[in-house]
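Beneath this line is the structure, given in structure tokens, with notes to follow.
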Amino acid sequence: MSEQKKTNIILFSGDYDRAMAAYIIANGAAAYDHKVTIFHTFWGLNALRKDEKLRPSKTFMEKMFGKMMPKGAENLPLSKMQYAGMGPKMIKNVMKKHNAMPLDDLISMAQEQEITLLACTMTMDLLGLKEEELLDDIEYGGVAAYIAEGEDGAINLFI
Amino acid sequence: MNITKTLDAKGLACPMPIVRTKKAIEEVNSGDVLEVVATDAGAKSDLTAWTKSSGHELLETKEEDGVYTFYVQKG
């Protein structure tokens, strides 16, 4: 087979449905033997948060941000039909019926397939997110880390 | 046709049929035939595109009552 192709996805959105699309494409690309990187920035970082009570030392503003943002993949809101939390409940019910994988499972599957999950450190600082609040076994980087993968990517997406 | 391995991907939704097929094909030798059974309607074009791009050969496809059976020969 020819040289390994690369798929790079920038996950900017913190919406459940958008993140699902990103992770489905990522897992599909990994099955195509692509080297896959998902670069999480801004609201996309929330998909990587652990759903646990952690008390890292933070400033007042950072604490506020931490409280206002969803904690982890399964707590992300929908981009449409959020209906104060009813929307995600409804869609997860339908997903179960159709055997579609929930986002947290898609993320585990991505890690199993050795997809690189990259967290943008600059936006982590802005949103006050600390490394211990994010999933284990992920990488940290900035724009250069993305460009390094993206410049010879067969597929580059911004979601 | 000599089938080396069968993958039951019935009931699985996108992207799982392709993810499982990739894993299963890694477990057989070049020239071996992998049988994949799926019910996801998208699997037909997915499997066809995937085998082509991954250097394997799709020997035969069957469809019966919404159940798709694929025979993939490892390249």
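See the values below:
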{"quantity": "Number of positions in region A:69-100 that are of a type in the set (A, V, I, L, M, F, W, C), outside any helix (DSSP H, G or I) and either at pLDDT 95 or above or over 13 Å from A:TYR16 (Cα atoms) (or both)", "calculated": "4"}
{"quantity": "Matching helices (runs of 4 or more DSSP H) fully within region A:103-159 where at least 1 residues are at pLDDT 95 or above", "calculated": "A:103-112, A:121-127"}
{"quantity": "Of all residues in region B:3-12 being closer than 20 Å to B:GLY66 by Cα and touching a helix residue (DSSP H, G or I) at 6+ places or on another chain (Cβ under 8 Å), the one that is nearest to the other protein chains (Cβ to nearest Cβ)", "calculated": "B:LEU12"}
{"quantity": "Residues that are away from chain B (no Cβ under 14 Å) and either free of Cβ contacts under 8 Å to residues at least 24 places away in the same chain or over 18 Å from the mean Cα position of the chain (by Cα) (or both), drawn from region A:74-107", "calculated": "A:LYS80, A:MET81, A:GLN82, A:TYR83, A:ALA84, A:GLY85, A:MET86, A:GLY87, A:LYS89, A:MET90, A:ASN93"}
{"quantity": "Condition broken by B:THR48, with the remaining ones in (1) open to solvent by 20 Å² or more (accessible area, probe 1.4 Å); (2) in a strand (DSSP E or B); (3) farther than 20 Å from A:GLU112 by Cβ satisfied", "calculated": "(2)"}
{"quantity": "Members of region B:28-45 found to be more than 14 Å from chain A (Cβ to nearest Cβ), outside any strand (DSSP E or B) and open to solvent by less than 50 Å² (accessible area, probe 1.4 Å), listed by number", "calculated": "B:VAL28, B:GLY31, B:ASP32"}
{"quantity": "Single match in A:GLY72, A:GLY66 (criterion: open to solvent by less than 20 Å² (accessible area, probe 1.4 Å) and more than 13 Å from A:LYS130 (Cα to Cα))", "calculated": "A:GLY72"}
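The values are calculated or read from the model by the stated rules, or taken from the named source; none is laboratory data. The shown structure was predicted, so the numbers you read here are calculated from the model rather than taken from an experiment. Here Cβ is always computed from backbone atoms with ideal geometry, including for glycine, and neighbour counts include all displayed protein chains. Surface accessibility is based on the protein's heavy atoms, side chains included, excluding ligands, DNA and RNA. Shrake-Rupley method; radii C 1.70, N 1.55, O 1.52, S 1.80 Å.
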